[in-house]
Amino acid sequence: MKRTLIAGALGLLLPAIGLAGECNLTVDRVEIDTGEFVKEGIGYNGESPGPVLRFKEGEEVSINVTNNLDEMTSIHWHGIILPFQQDGVPGISFPGIKPGETFTYKFPITQSGTYWFHSHSGFQEPEGAFGSIIIEPKDREPFRYDREYVVQLADKHPHSSERVMRNLKVTPDYYNRDQQTVGEFFSDASENGFLSTVKDRLAWGDMRMMKADVEDLQGFTGLINGKGPKQNWTGIFEPGERIRLRFINSSAMTYFDIRIPGLNMTVVQADGNNVQPVNVDEFRIGVAETYDVIVRPKDDQAYTIFAESMGRSGYARATLATQEGMEAPVPGLREPARLTMADMGGMPGMDHGDMPGMDHGDMDSTNEMAGMSGMDHSQMKGMDQPQMKGMDHSKMADMDHSSMAMSDGGASDPFYAQGSGLVPEAANGGKFLSYADLKAQKPLYDEREPTREIELRLTGNMERYTWSINGVKYEDADAIRLKYGERVRFKFVNETMMTHPMHLHGMWSILDVGAGQWNPIKHTVSVQPGTTVYMETEVDAPGQWAFHCHLTYHMAAGMFRKVIVEGGPESTQATSSEQSVDVGGDA
Amino acid sequence: MKRWTPLIISTFLGLGVIPALVSAQERMLDTTERKQPLNVWGAQFEEFEYRYSDDDEEIGVWDADFFYGTDNFKARWLTSGEYSFEERAYESLENQLVGQIPISKFFDAKAGIRIDTPEGPDRTYAVLGVSGLAPQWFEIDANFYVSKDGDTSTELDAEYELLLTNYWILSATLDATVAFSEDREIGVGKGLVSTETGLRLSYDLIDRAFSPYIGVVHERKYGDTADFSEAGGGNVEDWFAVVGARISF
C-alpha cells in the first residue's frame, strides 16, 4: 500500500501539452448513510461524495457527464480557470444538462492543486452532488510528502434541502437550538452582574438580533469523505511519513474549525494555490474553501481529525491511524459561539459601525485594540479608572469575555471585527490560522494598481431570511459589468451578522491581506460579520460568470450576481442587450 | 395616409431587425429558478387545543394560518374557532383571507376580508392589519375591522416566548378587542370588548413541527359586552385549563 509520491516527478516526464484526459461521470440517485440516518441523495458514479478526479496541469480534459436524474443537472468545476461555457452554471454558462443527456465538458488544465466540483442546479449540491479534483503540477511541488488524502467535509442534514429552505423562510430560527435561554441569563447574570445582563439582553432585543445566530442550519451530521463520526473514515499512515491532507469544505452551510490533537499542521496551500508554509494547531475552513496541510505523525498511534462547526453545534470526525480500527479520543464540543455587538458593527444605523482596525493598512491599531478585547473580565475590574475612561463601557459590557483569552496578544484576527465573538482560538491555546497568515508562494500576476473599486455590501434580513448584495436580491438585480483587462478591487462590506463565503467564478480572487504581491490567490473569500474585506481580480476571462455567497440557502435566497466581462480576445467577446447599470443594481 | 404605411412598416421592421442583430451576439439570459422569486408556503396551527373551563365547559379551539407567496406578496388564510362539545355548536368561527406585503424591516401590512360564521348571526368585515416582530421579541398582530354595516373594531394580539431551554418554551399571549360601535345582535358593546390571556408551556417534540403543550387561559368580557353576556345567561369571566399542540407543516 505504501506509495511514495514525490510530487511533480511524473509531471516532468510528460510533455507540456497534447495530453488529453478523458473521464466519465454519471449523475445518479444514491443512498447516503451518515451512521445517524439514511437518506436518498444525489451522487456521481453511484456514490456521494463522487470520485476524486485526477488531472495534470497542461492537459486538455474532456469529461462526459451523463444525467441519470429525472431533472436538469450541471457540474461546476469549483476554482478551475476555464472558458465560461464550461463553467457549468445553468442560465449563465450553459442551459444545463437534461435528463438522459450526456454533456461533454472540454477544457485545458492551466493550474494545479486541490479543487472540487459540484452541481450548480437547484439544491443538488447539499443533496450530495459533489466530488474532489486533484491537479498535479507540471513542475515540482515546493514541499515534500509521502502520502496524500482528500478530506472532504460535508454537513448532511436529515431534512431535504427544499424543506430546509422552506423552514428557514417560514421560521428563520427553525434549526437554531443554541439560543439564549433563561438558564443562560442567570449564568450570565452571576458572571457579569444582573444589571449588565439585563442591559445586554435589552440591547439585542431592541435590534431583534440573536447573539446565537451563528449557524442557520443545525442538526446536521458532519461527514468526512462521506462518513459520519461513528463510521469514522480512517486514513492509514506509517510513522514518520509526511501526509498531505487536502481539506475541502463541501458543506451547504457549515464552517469547520479543524484540528488534529497531537499533531502540528503545516498549511501549504489554500484554494488550490500554494502559500508560504504556516505552522498551525487549528484552522477554520469556510464553505467551499480548500486547505492543504502536511502533518508528520511520528508515533505508531491513532490521531483524530476533529472538525468542529464554527457555532459548535456539530462536528465531523475522522482518524489517521497506522492500521484500520484504531481510534483516538474524540474531543467534546466547545461552548456555543455568541456574537457580540462588534459583529453588528457593519449594520447601518449602529453606532458601533466603523470599527477601528479593519483597514488592513492600520494593523497597529488593530493590535492595540486586540489587547483590550482580549482581556478577561477579572482583569477588567482590577483596572485603573483612568485607563477605562477611554473605552466605551457599553461596548465592554457586550463583549463576550468567555470567548477571549490572553494568548500572546489576545485572541484577535484582523479579519474579524474587534471584540467579535467569532474570533477563533486554538483548542490547545496554540496557533490558529488567520487569513493574515496566508502569503502566496508565487505571485500569479504582476502587482499593479487596481483600475477601479467596486463596493459590494453584503446585506440581508434574518427575520425574513432574505439575503442580498447592496440590498438587492438576484431576482431584481442587474449584472455586474467588468471590462476585460482591468484589475478590479472588490470591497466587501458585511452588514449582516453572518459570515459569507463569497465565490467569484472564472477569475481569481486575490485576497488583500496587506502583503502586496504576496497576497494569497483564492477562489472563495470569507467575509466575517461587521468587517470590510478587499480582494482584487485581474479581469482576464471573457464571458459571463456567477458571483455569490456559497452558503446554499443564502445563495438561493438572493445573495447572488451575474458578472459580465465585456471585451476580450476575438470570438469570446460579445455584447449584451442588458442595460448597463451600476454594480449590483443598487438603487 | 395610405402611401405612408409601407414606410412606417419598413421603419418598424428596420428597428426590429437591429435589436435582433444585437441579440444574435447576446449572451444567454438567466431564466433559471434562481432568477425567479422564491415561492414559499407555510401551514401552522399556533393553537390546536382542548379547553376545560372552571364552569365544566368543554371546548375545542384552533387558530391556524396557511400562506403561499413570495417575499413581496403573500396570500394568507387565517382561521380560528371555538367549538363547544356540549352545545355542539361553534361559539366562534372566523376566517380571514388577506394579502400581505412587507412595509418595514420587521413588519407586514395585511388587507382582506373576514367572515364570521358561528352559531347565530354571521358577519363580514373588511380587514386592515399589521403584523410583525416588535422590539424585545414581541410578536404583534394588530387588526382593524369594518363590518358591512359600518361597525368598526380593533383587535391586538401579542405573544412572547420565553425559552426555558431550547426545547421547553413558555409562551404568554394577550388578545384584546375594542369596538368603536355597538353591535347588539352579536353581543358586542362599545369600548373594551374582551381579553384573552394565555400561558402555555410547550415542548418541541418533533423539530418545530409538533410541540405539545399545557396551559391556562383566562377570558374576560368588559362593559356593555359583559352585561349583554350576563343578560343572555353567559359568563363574564372564564378560566380554562388547556392541552394541545402547536403544529406546523
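The values are calculated or read from the model by the stated rules, or taken from the named source; none is laboratory data. All values derive from a computational prediction rather than experimental measurement. Note that we place each Cβ from the backbone using ideal geometry, even for glycine, and neighbour counts take in every protein chain shown.
Quick check on my filter: what residues within the stretch A:59-108 are touching a Gly at 6+ places or on another chain (Cβ under 6 Å), assigned to a loop (DSSP other than H, G, I, E, B) and more than 14 Å from chain B (Cβ to nearest Cβ)?
Hits for the stretch A:59-108 are A:E59, A:I75, A:G79.
Does A:S93 count as in contact with a strand residue (DSSP E or B) (Cβ under 7 Å, 6 or more places away or on another chain) and of a type outside the set (A, V, I, L, M)? Break it down stepwise before answering.
Numbers: in contact with a strand residue (DSSP E or B) (Cβ under 7 Å, 6 or more places away or on another chain): no; of a type outside the set (A, V, I, L, M): yes.
In short, no.
Any idea which residue in the stretch B:29-40 is nearest to B:A245 (Cα to Cα), counting only those that are at the interface with chain A (Cβ under 7 Å from one of its Cβ atoms) and of a type in the set (A, V, I, L, M, F, W, C)?
Filtering the stretch B:29-40 for residues that are at the interface with chain A (Cβ under 7 Å from one of its Cβ atoms) and of a type in the set (A, V, I, L, M, F, W, C), the one nearest to B:A245 (Cα to Cα) comes out as B:V40.
Residues of the stretch A:249-287 being closer than 20 Å to A:G219 by Cα and in a loop (DSSP other than H, G, I, E, B), which ones?
A:S250, A:S251, A:A252, A:M253, A:T254, A:Y255, A:G286, A:V287 - these are the residues of the stretch A:249-287 that are closer than 20 Å to A:G219 by Cα and in a loop (DSSP other than H, G, I, E, B).
Identify the single condition in (1) away from chain A (no Cβ under 14 Å); (2) in a strand (DSSP E or B); (3) loosely packed, with under 15 Cβ neighbours inside 10 Å; (4) free of Cβ contacts under 8 Å to residues at least 60 places away in the same chain that B:G233 does not satisfy, given that it satisfies every other one.
The number of the failed condition is (2).
Which of the strands (runs of 3 or more DSSP E) contained wholly in the stretch B:61-147 include at least 3 residues that are polar (S, T, N, Q), farther than 27 Å from B:R34 by Cα and in contact (Cβ under 8 Å) with a residue 12 or more places away in the chain?
Details: elements: B:74-84, B:89-102, B:107-116, B:123-134, B:138-147.
Those strands (runs of 3 or more DSSP E) span B:74-84, B:89-102.
Residue under question is A:R163, and the condition is that it be surrounded by fewer than 21 Cβ atoms within 10 Å (Cβ to Cβ), at pLDDT 95 or above and outside any loop (DSSP other than H, G, I, E, B); does it hold?
Numbers: surrounded by fewer than 21 Cβ atoms within 10 Å (Cβ to Cβ): yes; at pLDDT 95 or above: yes; outside any loop (DSSP other than H, G, I, E, B): yes.
Taking the combined requirement at face value, the residue satisfies it.
If you check A:G100 against the conditions, is it over 21 Å from A:P49 (Cβ atoms), of a type in the set (G, A, S), modelled with pLDDT of 95 or more and surrounded by 20 or more Cβ atoms within 10 Å (Cβ to Cβ)?
Considered against the rule, which asks whether it is over 21 Å from A:P49 (Cβ atoms), of a type in the set (G, A, S), modelled with pLDDT of 95 or more and surrounded by 20 or more Cβ atoms within 10 Å (Cβ to Cβ), A:G100 comes out as no.
Keeping to the stretch B:70-106, report how many residues are within 14 Å of chain A (Cβ to nearest Cβ) and either surrounded by fewer than 17 Cβ atoms within 10 Å (Cβ to Cβ) or under 17 Å from B:V127 (Cβ atoms) (or both).
Filtering the stretch B:70-106 for residues within 14 Å of chain A (Cβ to nearest Cβ) gives B:70-74, B:76, B:100-106.
This time we only want the ones that are either surrounded by fewer than 17 Cβ atoms within 10 Å (Cβ to Cβ) or under 17 Å from B:V127 (Cβ atoms) (or both), so: B:70, B:72-74, B:76, B:100-101, B:103-106.
Residues meeting the conditions: 11.
Going through B:L164, B:L174 one at a time, which residue ends up being modelled with pLDDT of 95 or more and more than 14 Å from chain A (Cβ to nearest Cβ)? First the steps, then the outcome.
Numbers: B:L164 fails: more than 14 Å from chain A (Cβ to nearest Cβ).
Only one candidate qualifies: B:L174.
For B:G191, indicate whether it is crowded, with 19+ Cβ neighbours inside 10 Å and touching a Ser or Thr at 6+ places or on another chain (Cβ under 9 Å). Give the steps one after another, and end with the answer.
Values: crowded, with 19+ Cβ neighbours inside 10 Å: no; touching a Ser or Thr at 6+ places or on another chain (Cβ under 9 Å): yes.
Criteria not met by B:G191.
From (1) surrounded by 17 or more Cβ atoms within 10 Å (Cβ to Cβ); (2) touching a residue at least 60 places away in the same chain (Cβ under 8 Å); (3) not in a loop (DSSP other than H, G, I, E, B), pick out the condition that doesn't hold for A:A203.
If we test A:A203 against (1) surrounded by 17 or more Cβ atoms within 10 Å (Cβ to Cβ); (2) touching a residue at least 60 places away in the same chain (Cβ under 8 Å); (3) not in a loop (DSSP other than H, G, I, E, B), just (1) comes out false.
Just to verify a result, which residue in the stretch A:172-191, among those that are farther than 13 Å from A:Q218 by Cβ and surrounded by fewer than 18 Cβ atoms within 10 Å (Cβ to Cβ), is nearest to the other protein chains (Cβ to nearest Cβ)?
Our first condition is that a residue be farther than 13 Å from A:Q218 by Cβ; within the stretch A:172-191, this holds for A:180-191.
Then keep just the ones that are surrounded by fewer than 18 Cβ atoms within 10 Å (Cβ to Cβ); that gives A:182-183, A:185-187, A:189-191.
On the way: A:V182: 5, A:G183: 7, A:F185: 9, A:F186: 11, A:S187: 13, A:A189: 15, A:S190: 18, A:E191: 19 Å.
For the stretch A:172-191, the residue satisfying everything is A:V182.
Find the strands (runs of 3 or more DSSP E) located wholly in the stretch A:433-528 whose residues include 1 or more that are within 30 Å of A:P172 (Cβ to Cβ), in contact (Cβ under 8 Å) with a residue 40 or more places away in the chain and within 14 Å of chain B (Cβ to nearest Cβ), and list them. I'd like the intermediate steps shown before the answer.
On the way: elements: A:452-461, A:466-469, A:480-483, A:487-494, A:500-504, A:509-511, A:524-527.
Passing ranges, in order: A:452-461, A:466-469, A:480-483.
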